[in-house]
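What follows is one structure encoded as structure tokens, with my remarks underneath.
The values are calculated or read from the model by the stated rules, or taken from the named source; none is laboratory data. The structure displayed is predicted, hence computed values, not measured ones. As a convention, Cβ positions derive from the backbone with ideal geometry for all residues, glycine included, and neighbour counts pool all protein chains shown.
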Amino acid sequence: METFFLPPDIGRKLRPYFFSFLTFLLALILREALTPIVGMSLPHATFMVAIAFSAWFFGLGPGLFTMIAGLPAADYFFTPPIHTWSAFTPVELPSTFTYLVASCALIAMGVANRRRAAELEEKNARLRELSAHLLRSQDEERRRIARELHDSVGQYLAAICMTLGRMINDAKDLPAAMVELLEEAVEISRACASEVRTISHLLHPPLLEEMGLSSAVRSYAEGFATRSAIQVQLDVPNDLHRFGTNIELALFRVLQESLTNVHRHSGSKIARVTIGADAHQVWLEVRDRGKGIPQKEGRPAFRPGVGTSGMQERIKELAGTLEFSSDQTGTLVKAVIPLPAGPRSANTEPTVAQRRVS
Ligand SMILES: Nc1ncnc2c1ncn2[C@@H]1O[C@H](COP(=O)(O)OP(=O)(O)OP(=O)(O)O)[C@@H](O)[C@H]1O
Ligand SMILES: [Mg+2]
């Protein structure tokens, strides 16, 4: 038996023509339905709408197809004398010519708009790619600086502390004022080392990769509460799954920015952090009891800064959603990220630390 070989993308290529044919049929039915109202006048009108629709949504070929199909249909069914071919008779020629010219103009406009929309979409996609790339580079850079600070500056400061300590121990015959100065230098070096450690941890939380989101969030919230004097209530399960670096880092950055915003903008003395997950998604909520996002004419006058735009980009890149709800009693930021399909069990994925040990 003879078989016809069709190129694999033939279906994709024919689909727009199929839809433009449906559009043409719809125009035909609509024109028939309008006949009792408009009689035999404007035989081409509904086909021209179909042409504009086809050219805009399906492209040049389908637009031309609808135009060519519409001409005999308008002629045969709706131009008196009906059920005859008269499109190219001297009487009908001007109207046929007008139909063809107007249709070509509609197709040209549709195709131009289509092209512009495609260009815009491509530019948007490139922008999205660029901002995702920038966020990734920023994370990488933060990680590198954090490591350098911890491993280099931090170690030097620790060495200075030790050396000064030894000097104080060994130099028994130094004047008391000098020993006092040395002790002061030790104190300053210790404070400096602790500051470097805090900055390094804020830039890139080491616990996130080692122990996961739950531990990193607890540790960050504790430090934040001490630094800001804002009480942080945590509702974070201890046995949270591991969700992979991208998801955990994105949620952690949302937490950091949201808590910073609570401190900078809300005036709240309390913040509540909730993290939860089921088989399909993981979510993070940061709620405060502050003055809320400023309102204008009953709507949130929300001017996104780098903080909220960054959060939005991070969550969008992982196909998630980020929502803000706010009134005079406080603000809620909620990030939800869908999880890749696959069986999960409570915290069975080995942590980096566990993997290293085993
Ligand atoms: N928890 C909050 N309470 C009250 N207002 C908030 C809160 N979070 C955000 N806002 C409002 O939303 C605005 C945008 O926040 P966003 O984090 O994008 O920018 P920012 O904090 O002003 O600057 P940055 O770019 O440094 O983060 C803030 O200026 C503030 O008016
Ligand atoms: Mg901010």
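Quick check on ALA185: is it modelled with pLDDT of 90 or more, over 30 Å from THR245 (Cα atoms) and assigned by TED's automatic domain parsing to the domain that holds GLY70? Before you say what the answer is, go through the steps one by one.
Details: modelled with pLDDT of 90 or more: yes; over 30 Å from THR245 (Cα atoms): yes; assigned by TED's automatic domain parsing to the domain that holds GLY70: no.
No.
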- Run down THR245, THR260 and say which single residue is within 16 Å of ligand 2 (Cβ to nearest atom), closer than 18 Å to ALA335 by Cβ and modelled with pLDDT under 95. THR260
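How about the stretch 266-320: which of its residues are among the small types (Gly, Ala, Ser), out of contact with any helix residue (DSSP H, G or I) (no Cβ under 7 Å at 6 or more places or on another chain) and either buried (at least 18 other Cβ atoms within 10 Å of the Cβ) or free of Cβ contacts under 8 Å to residues at least 12 places away in the same chain (or both)?
Just the residues of the stretch 266-320 that are among the small types (Gly, Ala, Ser), to begin with: 266-268, 271, 276-277, 279, 290, 292, 298, 301, 305, 307, 309-310, 319-320.
Imposing the further condition that a residue be out of contact with any helix residue (DSSP H, G or I) (no Cβ under 7 Å at 6 or more places or on another chain) reduces the set to 266-267, 276-277, 279, 292, 298, 301, 305, 309, 319-320.
If the condition is that a residue be among the small types (Gly, Ala, Ser), out of contact with any helix residue (DSSP H, G or I) (no Cβ under 7 Å at 6 or more places or on another chain) and either buried (at least 18 other Cβ atoms within 10 Å of the Cβ) or free of Cβ contacts under 8 Å to residues at least 12 places away in the same chain (or both), then SER266, ALA277, GLY292, GLY298, ALA301, GLY305, SER309, GLY320 are the ones that fit.
Out of GLY244, GLY267, report the one residue that is assigned by TED's automatic domain parsing to the domain that holds GLU317, within 16 Å of ligand 1 (Cβ to nearest atom) and on the phi > 0 side of the Ramachandran plot. Spell out how you get there, then give the answer.
Details: GLY244 fails: within 16 Å of ligand 1 (Cβ to nearest atom).
The conditions single out GLY267.
Of a type in the set (Val, Ile, Thr) and over 25 Å from ALA117 (Cβ atoms): does that describe ILE82? Break it down stepwise before answering.
Working: of a type in the set (Val, Ile, Thr): yes; over 25 Å from ALA117 (Cβ atoms): yes.
For ILE82, the condition - of a type in the set (Val, Ile, Thr) and over 25 Å from ALA117 (Cβ atoms) - is met.
Results for (1) of a type outside the set (Ser, Thr, Tyr); (2) assigned to a helix (DSSP H, G or I); (3) over 14 Å from LEU100 (Cα atoms), shown as yes or no for each residue.
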{"position": "PHE24", "(1), (2), (3)": "yes, yes, yes"}
{"position": "PRO36", "(1), (2), (3)": "yes, yes, yes"}
{"position": "MET40", "(1), (2), (3)": "yes, no, yes"}
{"position": "ALA52", "(1), (2), (3)": "yes, yes, no"}
{"position": "TRP56", "(1), (2), (3)": "yes, yes, yes"}
{"position": "GLY63", "(1), (2), (3)": "yes, yes, no"}
- Message: Just to be sure I understand, how many residues within the stretch 190-221 are in contact with a strand residue (DSSP E or B) (Cβ under 8 Å, 6 or more places away or on another chain) and not hydrophobic (A, V, I, L, M, F, W, C)?
- Response: 2
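Has the stretch 321-343 got at least one residue that is in contact with a His (Cβ under 7 Å, 6 or more places away or on another chain), surrounded by 11 or more Cβ atoms within 10 Å (Cβ to Cβ), part of a strand (DSSP E or B) and at pLDDT 70 or above?
So the first thing to find is which residues in the stretch 321-343 are in contact with a His (Cβ under 7 Å, 6 or more places away or on another chain), and the list is 338-339.
Then keep just the ones that are surrounded by 11 or more Cβ atoms within 10 Å (Cβ to Cβ); that gives 338-339.
Okay, now just the ones that are also part of a strand (DSSP E or B), so 338.
If we keep only those that are at pLDDT 70 or above as well, we get 338.
Yes, the conditions are met somewhere in the stretch 321-343.
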- Task: Can you confirm whether the stretch 275-284 contains a residue that is over 29 Å from PRO338 (Cβ atoms) and outside any helix (DSSP H, G or I)?
- Result: no
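Is there a residue in the stretch 273-290 that is of a type in the set (Lys, Arg), within 12 Å of ligand 1 (Cβ to nearest atom), modelled with pLDDT of 85 or more and under 16 Å from VAL217 (Cα atoms)?
To start, the set of residues in the stretch 273-290 that are of a type in the set (Lys, Arg) comprises 287, 289.
Those left that are additionally within 12 Å of ligand 1 (Cβ to nearest atom): 287, 289.
When the remaining residues are screened for being modelled with pLDDT of 85 or more, the result is 287, 289.
With the extra rule that they be under 16 Å from VAL217 (Cα atoms), the set shrinks to 287.
The answer is yes, given that some residue of the stretch 273-290 is of a type in the set (Lys, Arg), within 12 Å of ligand 1 (Cβ to nearest atom), modelled with pLDDT of 85 or more and under 16 Å from VAL217 (Cα atoms).
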- Failed item in (1) touching a Ser or Thr at 6+ places or on another chain (Cβ under 7 Å); (2) at pLDDT below 85, with ASP170 passing the rest: (1)
- Would you say GLY307 is within 8 Å of ligand 1 (Cβ to nearest atom) and over 21 Å from the mean Cα position of the chain (by Cα)? no
